[in-house]
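Novice: Structure provided below as structure tokens; questions to follow.
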Amino acid sequence: MSKHHLVWLSVGVFSVCLFSVMSMSVGAGEYGAAEALAYYFSAIEPSEHMTMVMDTLRLPRTLCALMVGVSLSLAASLLQSATRNPLAEPGLLGVNAGAVLGLVTGLTYFGVESAQGYLVWSGLGALAGNIVVLLVGHVMGKSSPLKLILVGVAMNATFGGLSNYILLSNQVVLDQFRFWNLGSLAAADMTSMALIAPFLLAAIVLTFLLARQLTMMQLGEQQARSLGINTHWVRIGVLLASTLFTACAISVAGPISFVGFLAAYCARMVEPVRLSVQVIFSALFGVCFILIADILARWMIQPYEMPNGVLLAMIGAPVLIGVVRRGGFRSLLAVK
């Protein structure tokens, strides 16, 4: 890494630590940053209530933000690189909607209740969405990024309509699904995160293994093959990694959009070429955005809270419009 990268890395790590402490200091119970730090450094004798608040509510939620931020940001970076589309993101391209459809199917027809079931069924739905995205991206290439976004809109509408149709047949599942579908970290628990951790780690390792090949593929298919890169297997690797990332995030937090787009866009500003460096900054930005959104969600309308997905959509949508209007994605206008 260059000196420029090291400075950004230091700022990113510091920001993640700062927002993590803030996350541990906000929410249920009258315990601020001083009490939270004292508790985790064993500087005080905690009450039973304080132990419950810190270990059962705040700690799982903060760890969940870290895992979801990494998952969504790296999934977006992989999809953007594989499709050569700067707007590619699980939420915008219908991958999240596919994961939701898979989970709704499992809840309604197979009685899924466990964290394992959530992971499997959301993974199957995400796999279907990713297959469509990568196939369309391969056929269209870089020449028409707008068409891929339009396919994503169609996929969101189709998967969303099917999910709603299935939900209307089961009121119990509809009640169970309603709040989760808005995207929230409120239901985070250590059991679920312990389950998804190995899959998340495997996807991260696969991402770094694919980084060099994907960077070379930005030169074009023919050039990449002439350098000895098997683009077919690289795309299969991207399919597997992005599916694992999406399933991990969806299974614990529901569908949250725009995090991946914002994180990957900021990471490209720091490092526009090398994906192996870019994904590190993408993960840091993604974690920071999720933590900030979760802190605001718990603070803005106390004693209630706002779903994270709603808050991020309120922030992400204007940013997306502003980036396009400023000319950051002029290639979107090149519809052929």
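The values are calculated or read from the model by the stated rules, or taken from the named source; none is laboratory data. Please read all numbers here as calculations on a predicted model, not as lab measurements. Cβ sites come from the backbone with ideal geometry, for glycine too, and all protein chains shown count toward neighbours. These accessible areas exclude ligands, DNA and RNA; they are computed on the full protein's heavy atoms, side chains included. Shrake-Rupley method; radii C 1.70, N 1.55, O 1.52, S 1.80 Å.
Novice: Give the ranking of Val151, Val13 by solvent-accessible surface, highest area first, calculated with a 1.4 Å probe. Spell out each step's value before the answer.
Specialist: Values: Val151 35, Val13 70 Å².
So the residues, ranked largest to smallest area, are Val13, Val151.
Novice: DSSP loop (so not H, G, I, E, B), at most 16 other Cβ within 10 Å: list which chymotrypsin sites (Phe, Trp or Tyr not before Pro) in the range 46-144 pass both filters.
Specialist: On the way: sites: Tyr109, Phe110, Tyr118, Trp121; in loops: Phe110.
Answer by residue number: Phe110.
Novice: Right, another one. By how many degrees, 0 to 90 and rounded to 10, does the Cα axis of helix 308-326 deviate from the longest principal axis of the chain?
Specialist: It is inclined by approximately 30 degrees.
Novice: In addition: Does anyone have the angle between helix 259-270 and the longest principal axis of the chain? Alpha-carbon axes, 0 to 90°, nearest 10?
Specialist: Tilt of helix 259-270: around 70 degrees.
Novice: Per residue, how large is the accessible surface of the chain? Use a 1.4 angstrom probe and give square angstrom. List each step's numbers first, then the result.
Specialist: Values: 15390 Å² over 336 residues.
Accessible area per residue, the chain: 46 Å².
Novice: Show the residues, 5+ positions off or on another chain, whose built amide H is closer than 5 Å to the amide H of Ala188.
Specialist: Amide H neighbours of Ala188: none.
Novice: Moving on. May I ask you to derive the relative contact order of the range 3-333, considering only C-alpha pairs under 8 Å and at least 6 residues apart, and to give it as an integer percent?
Specialist: Numbers: 509 pairs, mean separation 93.0, N = 331.
Relative contact order comes out at 28 percent.
Novice: State log₁₀ I(q)/I(0) for the chain at q = 0.07, 0.09, 0.14 Å⁻¹ as given by the Debye formula over alpha-carbon point scatterers of equal weight, solvent excluded.
Specialist: So the normalised log intensities are -0.28, -0.47, -1.11.
Novice: When the solvent-accessible surface of protein heavy atoms is calculated with a 1.4 angstrom probe, in what order do Arg212, Arg58 fall, highest first?
Specialist: Values: Arg212 160, Arg58 5 Å².
Ranked from most to least accessible, the order is Arg212, Arg58.
Novice: A further question follows. Taking only Cα atoms, what is the 0 to 90° angle, nearest 10, from helix 231-253's long axis to the longest principal axis of the chain?
Specialist: Once rounded, one gets 20 degrees.
Novice: Quick one: among Thr51, Thr158, Thr246, which has the greatest mean-square fluctuation in a GNM of the chain with alpha-carbon springs under 10 angstrom?
Specialist: With Cα springs under 10 Å in the chain, the top fluctuation among Thr51, Thr158, Thr246 is at Thr51.
Novice: Within the range 268-312, which trypsin sites (Lys or Arg not before Pro) sit in a loop by DSSP and count at most 16 neighbouring Cβ atoms inside 10 Å?
Specialist: Values: sites: Arg268, Arg274, Arg298; in loops: Arg274.
Sparse-neighbourhood loop trypsin sites (Lys or Arg not before Pro): Arg274.
Novice: Cα-based Rg (one decimal) and Dmax (whole number) for the range 182-336, in Å?
Specialist: Values for the range 182-336 (Cα only, Rg and Dmax): 17.7, 60 Å.
Novice: List the GluC sites (Glu not before Pro) within the range 30-120 that DSSP assigns to loop and that have no more than 12 neighbouring Cβ atoms inside 10 Å. Walk me through the numbers before you get to the answer.
Specialist: Values: sites: Glu30, Glu35, Glu48, Glu113; in loops: Glu30, Glu113.
When the GluC sites (Glu not before Pro) of the range 30-120 are filtered for loop state and at most 12 Cβ neighbours within 10 Å, Glu30, Glu113 remain.
Novice: Rounded to the nearest percent, how much of the accessible area of the chain (1.4 Å probe, protein heavy atoms only) is carbon and sulfur?
Specialist: Of the solvent-accessible surface of the chain, carbon and sulfur hold 70 percent.
Novice: Rounded to the nearest Å, what's the spacing between the alpha carbon centres of the range 97-129 and the range 8-58? Just the number, please.
Specialist: Their Cα centres are 33 Å away from one another.
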